[in-house]
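A short write-up of the structure that comes next.
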Amino acid sequence: MDVMATKQVLVIGGGVTGCAIAHDLTLRGVEVTVVERGELASGTTGRCSAFLHSGSRYAVTDPEAADECIAENQIMRKVMPSGMIEPDDGLFILLKGDDPAYADQWFQGCADAGITAKEISPAEVARREPLVTREISRAAITPDAVIEALRFALVFAATARVNGAHFLPYSEVQDFLMDADRVIGLKLKNRVTGELFELRGDAVINAAGPWVGEISSLIGIRIPLSMSPGVHVIIGKRLVNHTINLIRKPASGDFAYPQGPQTILGTTSWTVENCDHLRAPKEHITNTLRDGEVIIPSLRKYPVLSVNAATRPLIAKPGANERELSRKFEVFDHAEINGVESFVTIGGGKLTIARAMAEKTCDVVCKKLGVDAPCRTASTPMVSWRRFYVG
Ligand SMILES: Cc1cc2nc3c(=O)[nH]c(=O)nc-3n(C[C@H](O)[C@H](O)[C@H](O)COP(=O)(O)OP(=O)(O)OC[C@H]3O[C@@H](n4cnc5c(N)ncnc54)[C@H](O)[C@@H]3O)c2cc1C
């Protein structure tokens with residue numbers, strides 16, 4: 001019998017990160033079970049802005065994140081099934097009165113990261129985007145795109161499932177099974193039937209997004225994570241044709257983008273201690289509408305369809321506010337850091353770079369398990385999200 005195929009890994013969290021990990025591990029011949037306390041993508045993933053970032057948003061303030069985003073943006077365009085990535089280009093605009101020196105830095109940052117930022121005239125912006133403000137001094141087209149976040153995660157999950165991964169929705173982790181300092185499994189509760197059950201594995205990966213700290217605290221491990229929610233306001237009409245970002249240091253209310261028949265405005269940020277039962281604060285909604293009007297002056301003519309909020313899992317840094325925190329990710333090998341064997345946490349990151357996050361995490365876990373199959377996700381085409389349901 002193939003020894004590698006007998007390795008079993010339990011993944012906590014069925015967001016895009018957990019689904020990408022399942023895809024990566026199955027391609028390496030590992031047996032995977034993903035446990036998720038709700039539906040897949042019912043955490044942050046299902047309510048994020050769903051930009052497939054080009055990295056240009058971070059070109060000045062977070063060049064490392066910019067490099068990661070453009071690399072993954074290009075890979076996703078190759079391995080995602082056709083139709084998954086809306087063909088919209090990103091439109092970045094410098095408002096009259098905003099800092100022209102920052103725009104110079106931004107163009108340079110994009111060039112340094114290898115992100116194409118093709119300058120277009122304000123007249124060209126007016127032609128492409130009749131409802132967008134005319135108060136523009138510079139503009140550029142970038143390879144940013146919009147995706148549908150649930151389906152994006154399901155593509156990873158569907159491909160993993162076709163390759164043998166198991167997904168257990170409505171299965172909440174309540175505790176760990178330990179053998180001395182080694183994690184050997186999980187104690188779970190089926191949230192539909194109330195049944196308590198156990199699963200065993202050779203390793204456990206904590207991919208619970210903003211809940212990674214809550215999970216690891218079950219065995220006394222602290223993860224340096226900042227939980228930073230953001231609000232979106234959804235307008236019930238498609239008002240723009242591109243994803244529109246302001247050329248500014250990333251800040252609240254600096255983008256608008258189309259998704260199907262709607263326009264989404266965002267986003268804001270604050271910090272919370274607990275990201276369950278998140279509510280969008282009223283002032284975040286009014287501020288988002290106020291800032292949205294700067295981009296689309298006629299915005300108030302159209303109905304607000306809904307509002308949502310979700311929490312970013314960001315790696316904390318002492319003294320930095322949420323906007324200053326990098327969108328980078330970190331893999332925590334708890335054997336090295338805390339002396340707890342067979343347990344790894346993935347924290348931080350973004351949906352755009354979920355594949356790269358999974359690769360790094362699976363490299364660490366596979367090394368522990370003695371699995372030497374290399375990562376193949378950068379070149380393996382994935383199947384339609386529909387196959388998650390129909391096989
Ligand atoms: C407002 C906002 C906008 C964003 N916009 C973008 C964007 O445009 N582009 C981009 O690339 N990124 C964006 N991000 C970041 C991106 O959404 C996240 O980095 C990514 O979705 C995190 O995915 P995840 O799988 O790690 O976490 P999640 O999607 O939160 O998944 C974790 C899962 O763990 C489950 N879980 C928790 N506790 C338990 C338990 N006890 N037992 C079992 N399961 C459990 C949860 O139910 C959840 O489904 C945005 C984030 C926010 C908040």
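Only the coordinates and a few stated rules stand behind these numbers; no lab work does. Remember, predicted model here, so these are calculated numbers, not experimental data. Ideal geometry is used to build each Cβ from the backbone, glycine not excepted, and the neighbour counts take in all protein chains shown.
Direction-averaged projected area, Cα convex hull, segment 284-391: 12.0 nm², rounded to one decimal. Our note on the geometry: Cα centres of segment 66-92 and segment 182-198, 37 Å apart. Relative protection proxy for 147-153, 212-218, from highest mean packing down: 147-153, 212-218 (other beta-carbon atoms within 10 angstrom).
Cα gyration tensor of the chain, axes a ≥ b ≥ c as square roots of the eigenvalues: rounded (a/c below 1.5), prolate (a/b > b/c) or oblate? Judged from the Cα gyration tensor, the chain comes out prolate (a/c at least 1.5, a/b above b/c). Taking packing as the residue-averaged number of other Cβ atoms within 10 angstrom, the listed peptides 129-140, 273-284, 169-180 run from highest to lowest as 129-140, 169-180, 273-284. Cross-linked pairs K282/K328; K96/K282; K189/K367; K282/K317; K7/K350; K328/K360: Cα-Cα separations exceed 20 Å for K282/K328; K96/K282; K189/K367; K282/K317; K7/K350.
Across segment 40-50, computed HN-Hα scalar couplings (Karplus, 6.51 cos²θ - 1.76 cosθ + 1.60, θ = phi - 60°) run 4, 6, 7, x, 4, 3, x, 10, 7, 5, 6 Hz from first to last residue, x flagging Gly and Pro. Between R191 and K237, the simple label model (points 7 Å from Cα in the Cβ direction) yields a spacing of 3.7 nm.
About its Cα centre, the dipole of segment 314-391 is roughly 480 debye, where the only charges are +1 on Lys and Arg Cβ and -1 on Asp and Glu Cβ. Classify segment 73-126 as rounded, prolate or oblate, taking a ≥ b ≥ c as the square roots of the eigenvalues of its Cα gyration tensor: rounded when a/c is under 1.5, otherwise prolate if a/b is larger than b/c and oblate if not. Note, shape of segment 73-126 comes out oblate.
Just so you know, the averaged projected area of the alpha carbon convex hull for segment 189-279 sits at 9.9 nm².
Using a cutoff of 8 angstrom between alpha carbon atoms and counting only pairs six or more residues apart, the relative contact order for segment 289-361 works out to 23 percent. Each of R300 and D181 was given a label point 7 Å from its Cα along the Cα-to-Cβ line. The distance between the two points is 6.3 nm. Just to confirm the number: angle between the C-alpha axis of helix 354-369 and the first principal axis of the chain, 0 to 90 degrees, nearest 10? The answer is roughly 20 degrees. Of the residues I85, T133, S342, the one whose Cα sits farthest towards the positive end of the charge dipole of the chain is T133 (charges of +1 on Lys and Arg Cβ, -1 on Asp and Glu Cβ, taken about the Cα centre).
Its Cα centre serving as origin, segment 62-147 has a Cβ charge dipole (Lys and Arg +1, Asp and Glu -1) of approximately 460 debye.
Size descriptors for segment 45-103 (Cα atoms only): Rg and Dmax, in that order, 13.8, 42 Å. Let me test this: with uniform point scatterers at the alpha carbons of segment 227-306, what is the Debye-based log₁₀ I(q)/I(0) at q = 0.22 1/Å? Once normalised to I(0) and log-transformed, intensities are -1.00.
The charge dipole of the chain, taken about its Cα centre with unit charges on the Cβ of Lys, Arg, Asp and Glu (plus for the first two, minus for the last two), comes to roughly 1080 debye. The distance separating the Cα centre of segment 262-335 from that of segment 117-180 comes to 15 Å.
Near G339, once Lys and Arg are set to +1 and Asp and Glu to -1 for all other residues with Cβ below 12 Å from its Cβ, the sum equals -3. Considering only alpha-carbon pairs that sit under 8 angstrom and 6 or more positions apart, the relative contact order computed for the chain is 24 percent. Taking a point 7 Å from the Cα of K118 along the Cα-to-Cβ direction, the residues of segment 54-91 with backbone N closer than 15 Å to it are 87-91.
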